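Visitor: Handing you this structure, nothing more for now.
The values are calculated or read from the model by the stated rules, or taken from the named source; none is laboratory data. Computed from a predicted structure; not experimentally measured. Here the Cβ is made from the backbone with ideal geometry for all residues, glycine too, and neighbour counts use every protein chain on show.
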Amino acid sequence: MEKKSTKNTGNALRSYFSKPANVITVVFLVLLILAVVLPLCTLLIGSFKVNGNQEAIYIGNGAADGDFTFHHWTELLTSKDFNYAEIKFWTPLRQSAAMALLACVVAVGFGGVVAWFITRSDLPGKKFISTVFVFPYIMPSWSMAMFWENFFKNTAINAGEGILQSWTGICVPESMVYGLVPCAMSLGLHYAPFAYILIGGILRNMDANLEEAATVLKASRFKILYKITLPIVMPALISTVLLVFSSSISSFTVPFFLNKSSINSGNNFISISVQMRSLINTGFTKGQGYVVAIVLMVFSIGILTLNNWVTGSRKSFTTVTGKSGQVSLVKLGKAKKPIAIIMTVIVAFFAIMPLFSFAMESVLEVPGDWSTFTLRYWISSEPFEGSNKGDTIGILRSSIMWKAMGRSLLLSALVSLIAGTFGILIGYAVASKRNSKAATLVSNLAFLPYLIPSMSFGAVYLALSYTKGFTWLDGSFFLLLLVGSIKFMPFASRTGTNAMMQLSGEIEEAAIIMHAPWWKRMTKILFPIQKSSFISGYLLPFISCMREMSLFVLLVISYQTLVTTVLSEYSRTGLSQASNAINLLIIVVVLVVQFIVNKLTGASIDKGVGGN
Amino acid sequence: MPKITLEHVTKRFDKFVAVEDLNMVIEDREFITLLGPSGCGKTTTLRMIAGLETPTEGRITIGDEVVFDSEKGINISPAKRDIGFLFQNYALWPHMTVYQNIAFGLENLKWSKEDIRKRVDEMLAMLKIEQFEKRYPSELSGGQQQRVAIARTLAPKPKVLFMDEPLSNLDAKLRLEMRTELKRLHADTDSTFVYVTHDQLEAMTLAIRICLMKTGVLQQYDPPLTVYSDPANLFVADFVGNPTMNFIPATAEKTGEKSYSIKALGAEMSFSSSEPVGELSSGGENNAVLGIRPEFIKLGGGKLGAGVYATLPAGMETTVKLSMGDDIITSVEFGSVDYPLNHQVKFDIIGDDIILFDKESEIKLAKGSVAL
Amino acid sequence: MKKVLAVLLAMAMIFSLAACGEKKEEPKNDEPEKSAVEQAIEKAQAMTLEELEAAAKEELEANPSLTFNADSLTSGIKKALVKFEEKYPWAAGRTAYNSKKGSEYQPKLIAAQKADSYIADFVMIQDASFLKNAMLDTGFLLSYVPQGDEFNIAEGDQVPLVGVTFNKVFMYDNTTVGADQLQNVWQMTGVDGASLKGVHNVSYQNPLGEDINMNFLIMLTSPESCDRLASAYKSYFGTDYDPSKDEVTYQNIGYKFVAEFIKNVGYWHSSDSKEIKQINTYAEDGRIIFAGLCKLKDYEYYKADYKDTDQYYTKTVTAAGWNTQVEGFDGFVYNMWTLIPKTAQLPYTSCLFIRYLLSEEGFNAGWGGILGYYSGNQNISSVEGDPALSVWKEQCVVEDVNYIDSSYATVVKFINMQLAGK
């Protein structure tokens, strides 16, 4: 190799770039390095320097803004002052890791079981379960937390009467209402649809012969599940665990919301993300906050590496080979009806009750008091105190809200198009170059944006938009689009990769031989085969983008830009009923969009799973 | 026209060498099988010629066109090589009907609608799958899927057709049937066929020439009967033929330009060939292996004697296993014969196709006849 | 070779990024020359109202493409802008209000300051330490002080200019528990007392999520607060505080109070507003809620009864009244400053708007008639039923940037330890 002349190198390059997968790899490598490594480096650099005068004061010893320092690391990881390192970092890290793991177990367990029933059994009522099951994911994560509190809180723990208590008189202990377990449950339930989508996608395409072969060999059902099914869904499982773990451990709203235990109860749980937020938001300790962000990222990268190691070439398997087998459903027999009923009740409970509580909060002047029922937060055209032109108390009458909704829809649609397409392309590159380090790197880089805290991510692009030469970005729609597309690419790239990995290379090769150019192979062969999975890859960024707030809040010019910022404006003005109404409206809009997509393409976020 | 030439083709995956310095010429309209045990590089070779895999080094020419040259950086895409490829798993597109699967390649060649219709109908008829036109692959049996795959591959009339163990997913009866069909197809289509298999019988029956490979290295590239009767080395001799050739440890000494004296099976014999014979790499005990096809062990008379170890009648022929000291010798008799166990029989080594291999290098030294 | 290429590419990116990052921090303004905005403010300072109005009008007319952007945490600015446009028809349709939470707005300010780029024409922010260290010391935010008889601004409130002062106090619904529930702050440390409902009945916003609540706790350890706490201690327990009797060694009585207070918090609420809205549901147990006094405006319980009277807030306070004479302190007083960024594009309009805000008319436009808002202009009195700001300052702990800066590192660690219950 070394002795080759430059001409040969040129030829080698030309030949390298004649393959679309290589072009994609290189393009995305550059793009992602720019888009992802930039914020990453900012964080890294920030953790080693004095960020502003307040930090200089905190550090003391004549430190000045911009100086290089190890202080953030040593302080947060080792300071024994008031047991600082242990209390501010290590304990929350351990507790949050425990919470995130528990959330993974809940999400994978609940989502996985539902996915199995939907794809592999003859359970009745699949359509309903499958449609409704994804609701919790469409809702903001804290809405499940809010519902959890409203449901379980009770007077025995000094928190007012909750639904459970008013129905049954049962008072659950505080640790069931606030703290680690409820946080994990809320997050787990919120992300269960995610597990359902990823695992279900694989299960649906899995050759039933694989399981049947084991049945013939007299393996017990449990053994089949454990020895055959589980290893086959392992990549999806690990993808899920990865996403749920990283989301949960860095989730701020849920722990903040369900973190109301009294200190004396011994049930107090302060999550690492709450610590990170408090560190970053205070001028004195930004650098320490960056340290936490980096540690969380290292954690997730660890899981990623594990993921790559487990699903490496050693176990690379494909399920769609073009040799089609018959899919047979497991007969549930007598258990069919009871399981269907239980399943429907549980799924509906967690999907519809939170929606109901939103609706309720939006029509009651005083929470919980039905005598104060009013529709004015929906339909009143009165302006509220200090409203801008177009702002009305009733959200449905507010032209500002509708314009913002329109912009949010447009933004989310474009973000989902870009992120989804990028996801498919990355999936294609990774799948066609299974053993290539560059492709793996691209896949991992595409996942990183997920791990960077939204606020820091936004802040980096904010700083960029203030930099000379980039000021045209400031406040522009393009900036929101850019940031959104990158931030939500991980969902799409994971689904894209999973779907592409399932296709055997021969499926594409057969088309290559048939003179099909690359774009035709993508649009006529690969995309249609895995259509439902890919559409999930488009819908997930759409949903996330529709309800995203903290990522965009720094980048929008005014609160009128996006529907979520309008929402927070209502809530800041004290019109929490109206903000609940907007929340409900966002969910409804997402559901409608999903429905339309479903009608147009025959695929939907849950359909990726649900059979025919 | 499409003569395929491979020159010094090498393929490495990281450190693992899949194909090493392969040179071969596939003549126009030949039917070649790439034969070898799994992992020998035969599929990789096929995929390299087809353009689905990029060789690490070397040069591949199809017809007059250089399709790959590592030196010059030429790498023509598979689509432009005018080839067909039949995959082991068929790789039918599950979202397309049988018709759409077959028509897809023709659409890409910008054929007119009528021509496509005509050609697809032709293919459907040729492969007797007319009634499945509107079905999806998942609604077909394995054999039917196979036929669709063949139809799809042949529809654009490729000059060269590559097949990667296309029959391995079929049952024995269907496989036999499809073999016949393939041979007919070869005659009917004027195309060059390159066929990968690990089944030596399939290779023998189908091919005009067999390319036998082992761990990435070409062992022998000859017509089936040559491979059978004149194997280049122990590996080839062992791989081809069923029941396998008898390998008898022997001590040989070169006695002339075209002869050896041999000690084997407890007897002294002389080996003579019509060609000049090779040099033994060492002297001493057991420096050679005598290779005798079972049909050259003639039972019922002769100077050698052994006990019957087992008799395996198969109707048309009978395989008799003989025990002689530590060695088990296989003999094939035409028709049905039966011997009681441990019955003592006399036998002789007949024919001109007895091979002597060098023990150390495993290379064939000579082909000839033995006389006791 | 591909790999090498990729790695090289990545390295090059990182280095160029690092280089970019460094460049930005080079100090640029060592020249003593004053910026255009500084000069404009200086001129405005000397103008009469009429002159300033003319200057602002001229400025807006000269720049027809520009909008007067006002960034603020409080929606009062939004209301004030509406009235401002009514008062000055030439500004109609030329103003915009943008609201951001503090934690969301600070990064934006920092980015604008670092890049020396435009962010807004008017900024209203809280957090004394951030303001001083990141915004004033870097010279990014400037003060215009309105002059004239109608303005009576305390000297300490002039530069930086305090726009509105807020307070967070301990509130509870006294309809059941009686007006005298909370007499002394030491009740809230969980010490016994049969008649007291302060035990585990305090509701406080998590200081890890709310800076004001953190700053309050920090300020409790200041010498001044210690004096307040010591005298309240004596009055409550009848003896002087004796550190030697404590099992734990506290740095001062403030630390002791913080530790015991945190331990006694029975409920950590996540939104002042929400908690206040439900205050009547806690009438029975008399939960003590630490929240912004102004959040009472969200308390709808008595709205039906008093909606049509202009005494709504007064009535609310009387009905859900509480003791404003707690021994020790009633709560916490902190400021929101009204300032002009160095990069403002319409500085005269900024000055005029600030002048307007500090006038009685402007204050009433934004916050008039609501308790819990106090103008930096001492000539403007608080609403009926609400004590004057001077009284609150007497009765409350006041945010002090110097103390927060000097003690932050230590006190916050201590507070974290208490929050962890260890």
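Visitor: Considering only residues of the stretch B:304-318 that are under 22 Å from B:Val370 (Cα atoms) and surrounded by fewer than 18 Cβ atoms within 10 Å (Cβ to Cβ), which is modelled with the lowest pLDDT?
Guide: B:Gly305
Visitor: Still on this structure, I have one more. With (1) more than 8 Å from every other protein chain (Cβ to nearest Cβ); (2) modelled with pLDDT of 90 or more; (3) in a helix (DSSP H, G or I) as the list, and C:Ala120 as the residue in question, which single condition is left unmet?
Guide: Single failed check for C:Ala120: (3).
Visitor: Search the stretch A:399-420 for residues being polar (S, T, N, Q) and in contact (Cβ under 8 Å) with a residue 60 or more places away in the chain, and hand back the single one that is farthest from the other protein chains (Cβ to nearest Cβ).
Guide: The residue in question is A:Ser416.
Visitor: Considering only the stretch B:147-175, state which residues are touching a helix residue (DSSP H, G or I) at 6+ places or on another chain (Cβ under 9 Å) and aliphatic (A, V, I, L, M).
Guide: Those that are touching a helix residue (DSSP H, G or I) at 6+ places or on another chain (Cβ under 9 Å) and aliphatic (A, V, I, L, M): B:Val148, B:Ala149, B:Ile150, B:Ala151, B:Leu154, B:Ala155, B:Val160, B:Leu161, B:Met163, B:Leu167, B:Leu170, B:Leu174.
Visitor: Is one or more of the residues making up the stretch A:540-563 under 30 Å from A:Met401 (Cβ atoms), more than 14 Å from chain B (Cβ to nearest Cβ), assigned to a helix (DSSP H, G or I) and at pLDDT below 85?
Guide: There is at least one residue in the stretch A:540-563 that is under 30 Å from A:Met401 (Cβ atoms), more than 14 Å from chain B (Cβ to nearest Cβ), assigned to a helix (DSSP H, G or I) and at pLDDT below 85.
Visitor: Can you tell me which residue in the stretch C:71-97 is surrounded by the fewest Cβ atoms within 10 Å (Cβ to Cβ), limited to those that are within 17 Å of the chain's Cα centre (by Cα) and in a strand (DSSP E or B)?
Guide: The residue in question is C:Asp71.
Visitor: Name the pairs whose Cβ atoms lie under 9 Å apart, with the first residue in the stretch A:508-521 and more than 7 Å from chain B (Cβ to nearest Cβ) and touching a residue at least 12 places away in the same chain (Cβ under 8 Å), the second among the hydroxyl-bearing types (Ser, Thr, Tyr) and buried (at least 21 other Cβ atoms within 10 Å of the Cβ), and 6 or more positions between them or separate chains?
Guide: Qualifying pairs under 9 Å: A:Glu508/A:Tyr428.
Visitor: For the stretch C:84-93, enumerate the residues that are within 11 Å of C:Phe353 (Cβ to Cβ) and touching a residue at least 24 places away in the same chain (Cβ under 8 Å).
Guide: Hits for the stretch C:84-93 are C:Phe84, C:Lys87, C:Tyr88, C:Ala91.
Visitor: Then there's this: For the stretch B:180-208, enumerate the residues that are surrounded by fewer than 21 Cβ atoms within 10 Å (Cβ to Cβ) and touching an Asp or Glu at 6+ places or on another chain (Cβ under 6 Å).
Guide: Result: B:Ile208, single match.
To keep it simple, each residue is scored yes or no on (1) modelled with pLDDT of 90 or more; (2) in a helix (DSSP H, G or I).
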site	(1), (2)
C:Ser273	no, yes
C:Thr281	no, yes
C:Ala304	no, yes
C:Tyr313	no, yes
C:Thr316	no, yes
C:Gly321	no, no
C:Phe329	yes, no
C:Trp337	yes, no
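Visitor: Separate question: What residue, of A:Val114, A:Val36, is more than 10 Å from chain C (Cβ to nearest Cβ), within 30 Å of A:Ala340 (Cα to Cα) and either in contact (Cβ under 8 Å) with a residue 24 or more places away in the chain or crowded, with 22+ Cβ neighbours inside 10 Å (or both)?
Guide: A:Val114
Visitor: Are there any pairs with C-beta distances below 9 angstrom linking a residue in the stretch A:78-99 that is closer than 15 Å to A:Phe252 by Cα and at pLDDT 90 or above to a residue that is outside any helix (DSSP H, G or I) and of a type in the set (Phe, Trp, Tyr), with the two at least 6 apart or on different chains, and if so which?
Guide: Cβ pairs passing all conditions: A:Pro92/A:Phe269; A:Gln95/A:Phe269; A:Ser96/A:Phe269; A:Met99/A:Phe269.
Visitor: Give the residue that is surrounded by the fewest Cβ atoms within 10 Å (Cβ to Cβ), with candidates limited to residues of the stretch A:272-301 that are at the interface with another protein chain (Cβ under 9 Å from one of its Cβ atoms) and in contact with a Pro (Cβ under 6 Å, 6 or more places away or on another chain).
Guide: Looking at residues that are at the interface with another protein chain (Cβ under 9 Å from one of its Cβ atoms) and in contact with a Pro (Cβ under 6 Å, 6 or more places away or on another chain), I get A:Val274.
Visitor: May I ask you to say which residue of C:Lys100, C:Lys132 is without any contact (Cβ under 8 Å) to a residue 60 or more places away in the chain and assigned by TED's automatic domain parsing to the domain that holds C:Ser75?
Guide: Residue meeting the stated conditions: C:Lys100.
Visitor: Report, by residue number, each residue of the stretch A:426-448 that is part of a helix (DSSP H, G or I), surrounded by fewer than 23 Cβ atoms within 10 Å (Cβ to Cβ) and away from chain C (no Cβ under 14 Å).
Guide: If the condition is that a residue be part of a helix (DSSP H, G or I), surrounded by fewer than 23 Cβ atoms within 10 Å (Cβ to Cβ) and away from chain C (no Cβ under 14 Å), then A:Ser432 is the only one that fits.
Visitor: Let me ask you something else. Output yes when any residue across the stretch C:126-145 is buried (at least 17 other Cβ atoms within 10 Å of the Cβ), in a loop (DSSP other than H, G, I, E, B), more than 14 Å from every other protein chain (Cβ to nearest Cβ) and hydrophobic (A, V, I, L, M, F, W, C), and no when none is.
Guide: Yes, that holds for at least one residue.
Visitor: Would you check if there is a residue in the stretch A:325-343 being of a type in the set (Ser, Thr, Tyr) and either within 26 Å of C:Thr74 (Cβ to Cβ) or at pLDDT 85 or above (or both)?
Guide: No; the residues of the stretch A:325-343 include none that is of a type in the set (Ser, Thr, Tyr) and either within 26 Å of C:Thr74 (Cβ to Cβ) or at pLDDT 85 or above (or both).
Visitor: Would you point out the residue of the stretch A:333-379, among those that are surrounded by 14 or more Cβ atoms within 10 Å (Cβ to Cβ) and basic (Lys, Arg), that is nearest to A:Asn150 (Cα to Cα)?
Guide: A:Arg376
Visitor: Give just the number: which of (1) modelled with pLDDT of 90 or more; (2) of a type outside the set (D, E, K, R); (3) closer than 26 Å to A:Tyr570 by Cα does C:Val82 not satisfy?
Guide: (1)
Visitor: Another question, if that's okay. Counting just the residues of the stretch C:154-171 that are assigned to a loop (DSSP other than H, G, I, E, B) and in contact with a strand residue (DSSP E or B) (Cβ under 6 Å, 6 or more places away or on another chain), which one comes out farthest from C:Leu131 (Cα to Cα)?
Guide: Ranking the candidates gives C:Leu161 first.
Visitor: Right, something else. A:Phe256: of a type in the set (Phe, Trp, Tyr), crowded, with 18+ Cβ neighbours inside 10 Å and more than 14 Å from every other protein chain (Cβ to nearest Cβ), yes or no?
Guide: Spelling it out, it is not the case that A:Phe256 is of a type in the set (Phe, Trp, Tyr), crowded, with 18+ Cβ neighbours inside 10 Å and more than 14 Å from every other protein chain (Cβ to nearest Cβ).
Visitor: If you take the residues of the stretch B:122-141 that are within 12 Å of chain A (Cβ to nearest Cβ) and surrounded by fewer than 15 Cβ atoms within 10 Å (Cβ to Cβ), which of them is farthest from B:Val194 (Cα to Cα)?
Guide: Out of the qualifying residues, it is B:Glu139.
Visitor: Which of the residues belonging to the stretch A:155-184 are part of a loop (DSSP other than H, G, I, E, B) and modelled with pLDDT under 85?
Guide: Answer for the stretch A:155-184, where residues must be part of a loop (DSSP other than H, G, I, E, B) and modelled with pLDDT under 85: A:Asn158, A:Ala159, A:Gly160, A:Glu161, A:Gly162.
Visitor: Another question about this same structure. Looking at the stretch C:283-293, which of the residues that are buried (at least 20 other Cβ atoms within 10 Å of the Cβ) and in contact with a Ser or Thr (Cβ under 9 Å, 6 or more places away or on another chain) is modelled with the lowest pLDDT?
Guide: Across the stretch C:283-293, the extreme among qualifying residues is C:Gly286.
Visitor: Output the residue which, of all residues in the stretch A:39-94 that are within 11 Å of chain C (Cβ to nearest Cβ), among the charged types (D, E, K, R) and within 32 Å of the chain's Cα centre (by Cα), is surrounded by the most Cβ atoms within 10 Å (Cβ to Cβ).
Guide: The extreme case among them is A:Lys88.
Visitor: So is C:Gln325 more than 29 Å from C:Ser99 (Cα to Cα) and either buried (at least 23 other Cβ atoms within 10 Å of the Cβ) or more than 14 Å from chain A (Cβ to nearest Cβ) (or both) or not?
Guide: Spelling it out, C:Gln325 is indeed more than 29 Å from C:Ser99 (Cα to Cα) and either buried (at least 23 other Cβ atoms within 10 Å of the Cβ) or more than 14 Å from chain A (Cβ to nearest Cβ) (or both).
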